[in-house]
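Visitor: Sharing a structure here in structure tokens format.
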Amino acid sequence: MNSECIPRFQKIRFRFPASLKRLTLQGCHLPWSWMFRIQSLPDLEWEASSINFPCLKRLFLVDCHLLEGIPLEMSEISTLEHIQIKSCDISVIKSADKIRKEQRADGNYDLKIRADRQSLASQIHLF
């Protein structure tokens, strides 16, 4: 979904399919009242933990300005290879670094973290 879809949704009564498992929202400017509709989808894998994403390889976080951090439980995902952060708060970068440290403690040195300069508000060396 992108921002071009929103004017149409505001004029019609739209429902997400109940069987929806994956959803990508990008620049769609949905009002928070829609988040209740999204979170109530029965098959959507929405929780961020190793149980819900056991085979996750790449995590891309873009323009998540209100996100306070990535759950530390994500460090339990042994398949996680890459976290890309763009236009997010520095707390997201710090939580990604904690995840990387946890994975290294478990012997996994493959996790790469990339953050854009806008997100790098302090001197944290992640590369």
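Every number here is computed from the coordinates shown, using simple stated rules; none is lab data. All values derive from a computational prediction rather than experimental measurement. Cβ sites come from the backbone with ideal geometry, for glycine too, and all protein chains shown count toward neighbours.
Visitor: Go through region 66-83 residue by residue and turn each phi into a ³J(HN,Hα) via Karplus (6.51, -1.76, 1.60, θ = phi - 60°); whole Hz please, and just put x for glycine and proline.
Guide: With the stated coefficients, region 66-83 comes to 9, 5, 8, x, 9, x, 4, 4, 5, 5, 7, 7, 6, 8, 5, 10, 8, 10 Hz.
Visitor: Could you compute the FRET efficiency for ARG104 and ARG15, with r as their C-beta to C-beta distance and R0 at 30 Å, rounded to 0.05?
Guide: Step by step, r from the Cβ atoms, then E = 0.10.
Visitor: Quick one: length gained pulling ARG117 to GLN84 fully straight, 0.36 nm per residue minus the C-alpha distance?
Guide: Gain in length upon complete extension: 10.7 nm.
Visitor: For GLN84, which sequence-distant residues (separation of 5 or more, or a different chain) have an amide H within less than 5 Å of its own amide H, given hydrogens modelled in the peptide plane?
Guide: Distant-sequence amide H within range of GLN84: LEU59, PHE60, LEU61, ARG114.
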